[in-house]
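Below: one structure, written as structure tokens.
The values are calculated or read from the model by the stated rules, or taken from the named source; none is laboratory data. None of these values were measured; they are calculated from a predicted model. So basically every Cβ, Gly included, is an ideal-geometry build from the backbone, and we count neighbours across all protein chains shown. Just the protein is used for accessible areas: all its heavy atoms, side chains included, with ligands, DNA and RNA removed. Shrake-Rupley method; radii C 1.70, N 1.55, O 1.52, S 1.80 Å.
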Amino acid sequence: MTEFTTGFALSFSLIMAIGAQNAFVLRNGLRGTHVLPLVLTCAISDAILISAGVAGFGALVERFPLMLDVARYGGAAFLLIYGAISFRAAWRGGEALDTSGGNGASLQKAIITCLMLTWLNPHVYLDTVLLLGGLSSQYAHPWRFGAGAIMASFVFFFCLGFGARLLRPVFTSARAWQGLDVAVGVTMWAIAAGLVLN
């Protein structure tokens, strides 16, 4: 496999794991609200982090592990709050997908939430900066590996955000939406617990 293809495959497999960021993009993709700005926010954030890793920032993070500790506990607190909001929405019920796409937060609020889910998540740094950045150094042309990893992020988030519309008929049911809220809440709290306990 070429360096580009290897970077693409590894990055895609890492991003595919269900996480807070993916759940948020999926939720907005189902609503059809702010999809393009959100997928671009996620993909560009990954591009910045992967580029930093390829450029050698991973070595700096390894030297100052306190940076990851701050991100870990801040991220866990944010995920606990976000999960609680999802559980509250599920408990209240009565919400179904507005097929006109009129529901949802403002663009500014959605972007801020997306940025927090991305930049306050230590797993993002571990996957992009340390793992992908570290692996890129093993290749003669690390930036080809990095370019493949960045391309995978763009492909994944565009597929997730815009592909969610295929599930929209299911989520016109309030019961299905409650199930999604519970799943999102469980995911957020599980990730938060993992951050604190690991």
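Here are the numbers:
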{"read-out": "Complete set of residues in the range 1-45 that are in a helix (DSSP H, G or I), free of Cβ contacts under 8 Å to residues at least 12 places away in the same chain and more than 19 Å from residue 107 (Cβ to Cβ)", "value": "13"}
{"read-out": "Of all residues making up the range 74-100, the number that are surrounded by fewer than 15 Cβ atoms within 10 Å (Cβ to Cβ) and at pLDDT below 80", "value": "5"}
{"read-out": "Residue identified as closer than 23 Å to residue 36 by Cα and surrounded by fewer than 22 Cβ atoms within 10 Å (Cβ to Cβ) among 126, 120", "value": "120"}
{"read-out": "Residue that is loosely packed, with under 15 Cβ neighbours inside 10 Å and either in contact with a Phe, Trp or Tyr (Cβ under 9 Å, 6 or more places away or on another chain) or more than 26 Å from residue 8 (Cα to Cα) (or both), where the choices are 153, 173", "value": "173"}
{"read-out": "Residue that is most open to solvent (accessible area, probe 1.4 Å) [pool: residues in the range 156-170 that are out of contact with any Gly (no Cβ under 9 Å at 6 or more places or on another chain) and either outside any helix (DSSP H, G or I) or in contact (Cβ under 8 Å) with a residue 24 or more places away in the chain (or both)]", "value": "169"}
